[in-house]
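Here is the structure we will look at.
Bear in mind that the values in this text are calculations on the coordinates, not laboratory data. All values derive from a computational prediction rather than experimental measurement.
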Amino acid sequence: MINSGEINQDYRAGKILAGEMKQMCIERATDWLSNLAEKRDETAHLVAQFFE
């Protein structure tokens, strides 16, 4: 995966179009939300225990 600095440079240079940038953002956000959901599911029992 390209790092943020490279993406920034390529976008500013016109090597990455707005639609491509939006797709990259969607992919990264989807990955982040998936990881968040997994972590939430793994710790849900702890929340239930806390409120008992």
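For the stretch 1-24, which positions are part of a helix (DSSP H, G or I), among the small types (Gly, Ala, Ser) and over 15 Å from the mean Cα position of the chain (by Cα)? Selection gives Gly5, Ala18, Gly19. Scanning for something of a type outside the set (A, V, I, L, M, F, W, C), more than 15 Å from the chain's Cα centre (by Cα) and assigned to a helix (DSSP H, G or I), does the stretch 25-38 turn up at least one residue? Among the residues of the stretch 25-38, not one is of a type outside the set (A, V, I, L, M, F, W, C), more than 15 Å from the chain's Cα centre (by Cα) and assigned to a helix (DSSP H, G or I), which makes the answer no.
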